[in-house]
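The structure under discussion appears below in the form of structure tokens.
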Amino acid sequence: TTGGGATGTALGFKGLPISNADTITVPEGYTAQVIAPWGDPVGLSGEMPAYKADATNSAAEQEAQFGMHHDGIHFYAQSATSGLLVMNHEYTDDGLLHAGGMASWTAEKVRKAQAAHGVSVCEVALADGLWRVVQPSPWARRITARTPMAVTGPAAGHAMLKTAADPSGRRVLGTFNNCGSGITPWGTYLTCEENFINYFKGPDQPDAHQARWGLRKGDPAGYRWHEHDERFDAGKHPNEPNRHGWVVEIDPSNPSSTPVKRTALGRAAHEGATVAVTRDGRAVVYMGEDSRFEYIYKFVSAGRIQSGGAAANATLLDTGTLYVARFDADGRGRWIALTHGEGALTAANGFADQGEVLIKSRQASDRLGATKMDRPEWIAVDRQGWVYCTLTNNSNRAGKDQPGVDAANPRANNGMGHIIRWKEDGDHDGLAFQWNHFVLAGDPLNERAEAKGNVQGDAFACPDGLWVDARGVLWIQTDMSTSAMGKGELAGLAHNMMLAADPATGQIRRFLTGPAGCEITGATGTPDGRTMFINIQHPGESPSERSDPQAPTRFSNWPDKGANRPRSATVVIRRVDGGVIGA
Ligand code: FEO
Ligand code: CA
Ligand code: CA
Ligand code: CA
């Protein structure tokens, strides 16, 4: 493994031990402050309903409050001490969201669940060493599973996107299961639609396209939206799922702007969207699809980024080339274009036009011989141009009818996950690259060789969130599932955590541990490096992973303590001496 080429990014804090405590721990000399928990008002003028701890807030009130299950996040500085925080709300734990949980399921509960999904925009300000949400704020905004959105790019208006409610195929209601995020150099936010298929009731016999996208008979995830919102019954509305699984661009500087689903970036169970810029100013969007045996993509814009912010770049992500990655055994790799008419992507093979290639990105990638990965999650680019992608875990690589190990995904039972990285030949639009493994996660105390890993420093498993800060430190966040956490080969790792890695040396040090049953996700900071914002998602989640639909009683009461329901929230990390985080 070659080094990242950095000059060495000193990690100036003392690494933490693992933790089983229902709290946030940070290194000595650091503080952690909770803001923006689920249910607090986001700050809409004239609409600031207080959080009710018994979950009796109405759907209309939830539409003015922070959603549940915070995920990707970004801070847009407006001054040295203020700015906008934009964050995703991935999914809901309906046992906590409603008084009485999912009993007496009603249209009002469906509407509240839909309102607790999507994206929040809030204004935050620093005073006396503490950050607070500014309420009210002219920037505050909620985007939910019901917010009208435009569809642009080659698949806009496609026959496969048309429904009874939208014969144009260009206007979709809402975004949901928003997992990772990204930012553009022109000031917009990219929110990614991940496991959208779980919200749909499938027909009794899904067709080949539906089956390839995971649509199954019934309502496997139990969200029960279809019972009061018929578009979520894919048996009755088979094209509605095709309208989700996109990257959505939002302009936080214009609270009345319409979010845009950018079909040129392809359809996937999108984890995140990380933008790099070529030397001649074109945008390159790196994207992972978090599902076993799915793919890593990149989009290269045809045009160059223009000065003038969002308005000047309003169509930049609509024209360009989408590629999928193939990792070869010799440490080299190729980007293969998903372009209609090239190679196997022909009408005879089920791709009538470029729109159908993008709607059926998975089938197209299958045809092109791309590498089936161990659940690609977040992607980050370091200061030397290495591109890192977390492959969170995959215990089934060598399972029946599965592809088996390959050079890029080398463990048959990869319960621990790894981080792969590549460097493009030439520039970020390169068609070939070199690659290696930055780290195979694991715990050296495990007996099974594959579960030991090769971490230099503090042990961890199931890497998910990734962020490179202004100093070049690679921050790694973990998502050991609540069903597996603390057991078996993960027993020695306790709660989920965040670690800091030095790309030059590979040294990894544990920086933060989370409360019970949560994952750590999303990272951003102020330009001066003195404040970091991260998200705590699903504290107290039951081991069945998506909640006991009835009982609000959980094994975490973070952050409110006492008999309170646990709440996803943002955590603000500062140093007591006001210094740069991690240094
Ligand atoms: Fe929503 Fe792949 O984590
Ligand atoms: Ca994730
Ligand atoms: Ca994850
Ligand atoms: Ca999650």
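Remarks
- Size-normalised alpha-carbon gyration radius of the stretch 294-400, reference 2.2 N^0.38 Å: 1.25
- Candidate cross-link partners of Lys298 among the lysines, defined by an alpha-carbon separation under 20 Å and a same-chain spacing of 8 or more, comprise Lys261, Lys360, Lys372, Lys423.
- Base-10 log of normalised Debye intensity for the stretch 433-567 (one unit scatterer per alpha-carbon) at q = 0.21, 0.22 Å⁻¹: -1.24, -1.30
- Once the Cα-Cα distance is subtracted from the 0.36 nm per residue extended length, the Thr81 to His437 segment shows a gain of 124.3 nm.
- Think of it as helices only: each DSSP H run of n ≥ 4 in the chain is worth -39500 (n - 2.57), and spread over all residues that comes to -1500 deg cm²/dmol at 222 nm.
- 3J(HN,Hα) along the stretch 504-511, derived from phi through the Karplus expression 6.51 cos²θ - 1.76 cosθ + 1.60 where θ = phi - 60°, amounts to 6, 10, x, 5, 10, 9, 6, 10 Hz, with x in place of Gly and Pro.
- The stretch 200-262 - Debye-derived log10 I(q)/I(0), Cα point model, q = 0.22, 0.24, 0.29 Å⁻¹: -0.86, -0.95, -1.19
- Percent of Cα pairs exceeding the 21 Å cut-off, where the set is the stretch 405-474: 36 percent
- The aspartates and glutamates whose alpha-carbon is closer than 12 Å to the alpha-carbon of Lys14, local same-chain residues fewer than 8 away aside, are Glu28, Asp458.
- Nonlocal amide H pairs with Gly83, under 5 Å, H built at 1.01 Å: Gln78, Val124
- Rg/Rg_ref, the stretch 54-204, where Rg_ref = 2.2 N^0.38 Å and atoms are Cα: 1.16
- The stretch 377-506 shape via C-alpha gyration tensor axes, a/c threshold 1.5: oblate
- Percentage of interatomic Cα-Cα distances in the stretch 365-452 larger than 23 Å: 28 percent
- Here the stretch 48-102 has an Rg and Dmax of 14.0, 44 Å, counting Cα atoms alone.
- Residues of the stretch 34-65 with an amide N closer than 19 Å to a point placed 7 Å from the Cα of Ala107 along the Cα-to-Cβ direction: 58-63.
- Gyration tensor (alpha-carbon) shape descriptor, the chain, a/c threshold 1.5: rounded
- As a proxy for reagent exposure, ranking Tyr295, Tyr51 by other Cβ atoms within 10 Å from fewest up yields Tyr51, Tyr295.
- With the convex hull drawn over the C-alpha atoms of the stretch 87-155, the volume per residue is 166 Å³.
- Convex hull volume per residue, computed on the Cα atoms of the stretch 258-320, equals 84 Å³.
Laboratory data are not the source of any read-out in this text; all were calculated from the coordinates shown. Because the structure is predicted, anything quoted here is derived from the model rather than measured. Cβ sites come from the backbone with ideal geometry, for glycine too, and all protein chains shown count toward neighbours.
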